[in-house]
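The values are calculated or read from the model by the stated rules, or taken from the named source; none is laboratory data. Remember, predicted model here, so these are calculated numbers, not experimental data. Note that each Cβ is placed from the backbone with ideal geometry, even for glycine, and that neighbours are counted across all protein chains shown.
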Amino acid sequence: MKIRTRFAPSPTGFLHIGGARTALFSYLYARRHGGDFILRIEDTDLERSTAESVNAILEGMTWLGLEYDEGPFYQTQRFDRYKEIVRTLLDTGHAYYCYCSKEELDALREAQMARKEKPRYDGRWRPEPGKTLPEPPAGVQPVVRFRNPLDGEVVVEDFVRGRVVFQNSELDDLIIARSDGTPTYNLTVVVDDMDMNITHVIRGDDHLNNTPRQINLYRALGVEPPRFAHLPMIHGSDGAKLSKRHGAVSVMQYRDDGFMPEALLNYLVRLGWSHGDQEIFDRDEMIRLFDIADINHSASSFNPEKLLWLNQHYLKTSSPAHVARYLSWHLGNQGIDPSTGPDIEQVIAALAERSKTLIDMAQQAAIFYREFESYDETAVKKNFDDSTPSLLTALHEGFAALPEWSAEGAHAVLVATAERLELKLGKVAQPLRVALTGTTVSPPIDLTLALIGRERSLARLARAIDFTQAKKSA
Ligand code: GLU
């Protein structure tokens, strides 16, 4: 049997952390077993579904690299097929028309609540042998209800939850088509999973209660249901259900905030799944090791610090060429064209150990590509004094005389200047750093010089000489 899984989001918002984890687990399970992973957009709720949301989901899947083998399939393009199945269920006696008005159903509910009973449909239009049904009222478009078995139980052998037993007597006759003829979720999901030969349904455990209804539908259609794995919820660090309150929950917000997709994927795979106490998994390893049986049974909680830690790990260990794909986008967002400065891979190599996020890296990289606006005040106070113009002038001369611009050459000038002026290296390097970057933080000074380049370095020194000279005479 070929394993086939699917991710079936409803396009009513962005791709959020919980959805991305569901997609990842479905993807990994299919990949692990050489199976297929399918994307299906469940857009039958015409009022809540939007094209922007479809785009956001596709964008999120692409950014995370969750490649699907088939799809995206759109449920709105399959209405004929759902109608056909509703017809079949009607013809085989597994479904029936119900003409109850909203008022009737409201009255029924109120009466049941008054008697302290669980509100449920009372089966008044349900055909039974020997039962006479009411006369259909004129001008009413009926809904179609599924004729759920009245007794017996439905057993869900869930990969995560184990054996979960539901009594049919607890399930009422589900509406499978609305009065306007449009199908409802529980019907479309069954028809699609059946037609798409899905073998394993991996989804959030908010769907667990739908599962027995769906299993009954499969049985009515004479089809073996797929296997199920219902994933426990994700909580915020305070124990409440993960929501906007806990920070970003949209996958694309993490891109915007400077995370690498590898970091988010690695973070997501550990959110409810483990392999011993291993924390770092690259994609190949995830695929090799992932097993539904290792999914945790209890809710997992979202830990932003750990995500940040993973992001730093991937910034440090990924090849600069790979990081460059993401960093150049962030530089672009800051109005920087990476072709106007040093080789971006060298910049990444210099900053990888010093950056928490790509935004952080892009901000630190800015000095290699464009002028900084002003000197940091504290940096000036601590590092510029009346002797600075002559120090910077000596450095300017030394650098200008270098035959070749390199970190080694710059270092030699620094050492020679410090010796000549009888200064400790730090007393030379730090004012120079402020002159070159406006701040006291940058990669090693010789590397900083090499990356800024000859022309820009000399111009910035000249600017600092003017600045410190003016300060001195003031
Ligand atoms: N469309 C449903 C949702 O977004 C998922 C359905 C399923 O996975 O069965 O919650």
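What to note about this one:
- When residues of region 358-377 are limited to those that are without any contact (Cβ under 8 Å) to a residue 40 or more places away in the chain, part of a helix (DSSP H, G or I) and out of contact with any helix residue (DSSP H, G or I) (no Cβ under 7 Å at 6 or more places or on another chain), the one farthest from Tyr314 (Cα to Cα): Glu377
- The residue that is nearest to Ser300 (Cα to Cα), counting only those in region 16-40 that are more than 9 Å from the ligand (Cβ to nearest atom) and among the β-branched types (Val, Ile, Thr), is Ile17.
- Region 340-355 residues that are closer than 16 Å to Leu308 by Cα, paired with ones that are surrounded by fewer than 21 Cβ atoms within 10 Å (Cβ to Cβ) and basic (Lys, Arg) (beta carbon under 9 Å, 6 or more apart): Ala352/Lys316; Glu353/Lys316; Ser355/Lys316
- Single residue of region 295-318 satisfying the filter (free of Cβ contacts under 8 Å to residues at least 24 places away in the same chain and exposed (fewer than 14 other Cβ atoms within 10 Å of the Cβ)) that is nearest to Gly35 (Cα to Cα): Thr317
- Checking the stated criteria, Ser101 turns out not to satisfy the condition of being farther than 27 Å from Asn311 by Cβ and within 12 Å of the ligand (Cβ to nearest atom).
- The set of residues from region 180-190 being surrounded by 22 or more Cβ atoms within 10 Å (Cβ to Cβ) and either more than 9 Å from the ligand (Cβ to nearest atom) or more than 24 Å from the chain's Cα centre (by Cα) (or both) comprises Pro183, Leu187, Thr188, Val190.
- Taking region 271-287 as the range and being of a type in the set (D, E, K, R), part of a loop (DSSP other than H, G, I, E, B) and touching a residue at least 24 places away in the same chain (Cβ under 8 Å) as the test, only Glu279 passes.
Residues are listed down the side, and each one gets a yes or a no for (1) farther than 22 Å from His207 by Cα; (2) in contact (Cβ under 8 Å) with a residue 60 or more places away in the chain:
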residue: Ile3; (1), (2): no, yes
residue: Phe7; (1), (2): no, yes
residue: Asp36; (1), (2): yes, no
residue: Glu52; (1), (2): yes, no
residue: Gly65; (1), (2): yes, yes
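- Region 1-15: number of residues that are more than 9 Å from the ligand (Cβ to nearest atom) and either part of a loop (DSSP other than H, G, I, E, B) or surrounded by fewer than 17 Cβ atoms within 10 Å (Cβ to Cβ) (or both): 6
- Considering region 383-474, the qualifying helices (runs of 4 or more DSSP H), each wholly inside and each with 3 or more residues that are at pLDDT 95 or above and closer than 16 Å to Phe372 by Cβ, run over 425-437, 445-452, 454-473.
- Within region 193-214, considering residues that are under 18 Å from Leu174 (Cα atoms), within 11 Å of the ligand (Cβ to nearest atom) and touching a residue at least 24 places away in the same chain (Cβ under 8 Å), the one nearest to the chain's Cα centre (by Cα): Asp206
- Restricting the search to helices (runs of 4 or more DSSP H) fully inside region 22-118 and requiring at least 3 residues that are at pLDDT below 95 gives 102-114.
- Only a single item in (1) more than 26 Å from the chain's Cα centre (by Cα); (2) within 16 Å of the ligand (Cβ to nearest atom) is not met by Ser250, and it is number (1).
- In region 41-63, the residue that is nearest to Tyr82 (Cα to Cα) out of those that are more than 11 Å from the ligand (Cβ to nearest atom) and crowded, with 22+ Cβ neighbours inside 10 Å is Met61.
- Qualifying residue in region 70-82 (condition: over 21 Å from Ile175 (Cα atoms) and exposed (fewer than 14 other Cβ atoms within 10 Å of the Cβ)): yes
- For Leu58, the conditions (1) under 30 Å from Tyr326 (Cα atoms); (2) in contact with a helix residue (DSSP H, G or I) (Cβ under 6 Å, 6 or more places away or on another chain); (3) without any contact (Cβ under 8 Å) to a residue 60 or more places away in the chain all hold with the exception of (2).
- If you go through region 317-354 and keep only what is assigned to a loop (DSSP other than H, G, I, E, B) and within 15 Å of Leu447 (Cβ to Cβ), you end up with Gly341, Pro342, Asp343.
- Picking from residues in region 248-270 that are part of a loop (DSSP other than H, G, I, E, B) and among the hydrophobic types (A, V, I, L, M, F, W, C), the one that is nearest to Met233 (Cα to Cα) is Val249.
- Qualifying residue in region 386-407 (condition: surrounded by fewer than 20 Cβ atoms within 10 Å (Cβ to Cβ), within 21 Å of Gly258 (Cα to Cα), in contact (Cβ under 8 Å) with a residue 24 or more places away in the chain and not aromatic (Phe, Trp, Tyr)): no
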